[in-house]
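Below is one structure, written out as structure tokens; comments come after it.
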Amino acid sequence: MNLGDLVVRKSYGGDVTFRVEEVRNNQAIIKGTEFRLLADSPLYDLIKVPFTPTNSKEQQAQIKAAESMRLLSEERKKQAERSPEGLVQDWYNQGYVQGELAYFEIPGKVLHLDGDPNYLKKSMNVYEKLKIPTEGHYVHESSMANALYRLLPRVRPDIVVITGHDGVLKHRQTYDLYSLNSYKNSLNFVQAIRVAREYERNYDTLTIVAGACQSHFEALLQAGANFASSPGRILIHALDPVYVAAKAAYTSIRDTVNMADVFHNTISGSQGVGGIETKGTYRIGLPRLQDLSILKVTPSAI
């Protein structure tokens, strides 16, 4: 067994494909290729597989991921084609706007910390396609709290995504789903959330999206997250946190994020992601700027 090999676990019926990250003492540390799951396994329980999806669960996840991306892109296109409801028209009726009703858009800015470099790359591709201003960093889960101390004052994001790998430590003789000691990285996520919430206490000024597969949902919310995984302690797709951040980035500051849309756009649904009522971070401005690169915004017109 070599680093980078794709494997499945015999004892779990080959339900999830993993990549081997480390091998020591006849044990392997493995990370999910489609799901944000970190696990360890004895080498005898692992079977090497080719680079293609080998089970229906992962094939279904890839299909759902493509559908979620399509829905987000369609929502974004429709939003760009229509005026923000009432606001620009009101300005026009009151005489504040003359001539063409042109405006510019400022979606929420995202700071994305990811414990997996491959997932980070996939996530950044989605942000780029949706034209969401984003700064992304590969940071080990145990170092995320310290990274946020340094990054938050410089980046000054509207949305922070804190994600990577997690999982319930089921190999222990006893485990408590409501104890942080039963999780691989939930405590690290909690510590990072606390740093972010100390930086900005207003839940509508800084939106925090946190967690990975099977994360301690209640602890993440209690620490200060707006949205977190995983209420049902299930596997979440690598891009689920990105879809939640995208929804917040393109929801108006006058509206709250539609949780039904969040559940519909994520692969794992309401058992994988949950949260609290939160205002969006999308803004419009008038008049349309001549140099849009200054704010990295998108022009629109009615």
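The values are calculated or read from the model by the stated rules, or taken from the named source; none is laboratory data. Treat the numbers as computed from the prediction; the structure is a model and nothing was measured. Reconstructed Cβ throughout: ideal geometry from the backbone, glycine too, with neighbour counts over all protein chains shown. All accessible areas refer to the heavy atoms of the entire protein, side chains included, with ligands and DNA or RNA removed. Shrake-Rupley method; radii C 1.70, N 1.55, O 1.52, S 1.80 Å.
Key figures for this structure:
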| read-out | value |
| --- | --- |
| Residue selected from segment 219-243 under the condition among the β-branched types (Val, Ile, Thr) and touching a residue at least 60 places away in the same chain (Cβ under 8 Å), by the criterion nearest to Lys131 (Cα to Cα) | Val242 |
| Answer residue from segment 196-230, given it is more than 13 Å from Val244 (Cβ to Cβ) and touching a helix residue (DSSP H, G or I) at 6+ places or on another chain (Cβ under 6 Å) and is surrounded by the most Cβ atoms within 10 Å (Cβ to Cβ) among those | Ser215 |
| Test result for Ser300, of a type outside the set (D, E, K, R), open to solvent by less than 70 Å² (accessible area, probe 1.4 Å) and modelled with pLDDT of 80 or more | no |
| Some residue of segment 56-75 being at pLDDT below 85, surrounded by 13 or more Cβ atoms within 10 Å (Cβ to Cβ) and over 19 Å from Gly272 (Cα atoms) | yes |
| When residues of segment 147-193 are limited to those that are of a type in the set (D, E, K, R) and farther than 30 Å from Phe18 by Cβ, the one least open to solvent (accessible area, probe 1.4 Å) | Asp158 |
| Whichever residue in segment 267-282 is open to solvent by 20 Å² or more (accessible area, probe 1.4 Å) and modelled with pLDDT of 90 or more and, among such residues, is nearest to the chain's Cα centre (by Cα) | Gly275 |
| Within segment 18-55, tally of residues that are modelled with pLDDT of 85 or more and in a loop (DSSP other than H, G, I, E, B) | 2 |
| Residues located in segment 111-146, provided they are open to solvent by 40 Å² or more (accessible area, probe 1.4 Å) and part of a strand (DSSP E or B) | Glu135, His137, Tyr138 |
| Count of segment 206-218 residues which are in contact (Cβ under 8 Å) with a residue 60 or more places away in the chain and among the charged types (D, E, K, R) | 0 |
| Residue under evaluation Arg233, criteria (1) outside any loop (DSSP other than H, G, I, E, B); (2) open to solvent by less than 60 Å² (accessible area, probe 1.4 Å); (3) at pLDDT 90 or above; (4) out of contact with any Pro (no Cβ under 9 Å at 6 or more places or on another chain), criterion not met | (1) |
| Some residue of segment 251-266 being modelled with pLDDT under 95, surrounded by 15 or more Cβ atoms within 10 Å (Cβ to Cβ) and in contact with a Pro (Cβ under 8 Å, 6 or more places away or on another chain) | yes |
| Residues of segment 1-54 classified as surrounded by fewer than 12 Cβ atoms within 10 Å (Cβ to Cβ) and basic (Lys, Arg), total | 2 |
| Test: residue in segment 157-165 that is among the small types (Gly, Ala, Ser) and under 30 Å from Leu71 (Cα atoms) | yes |
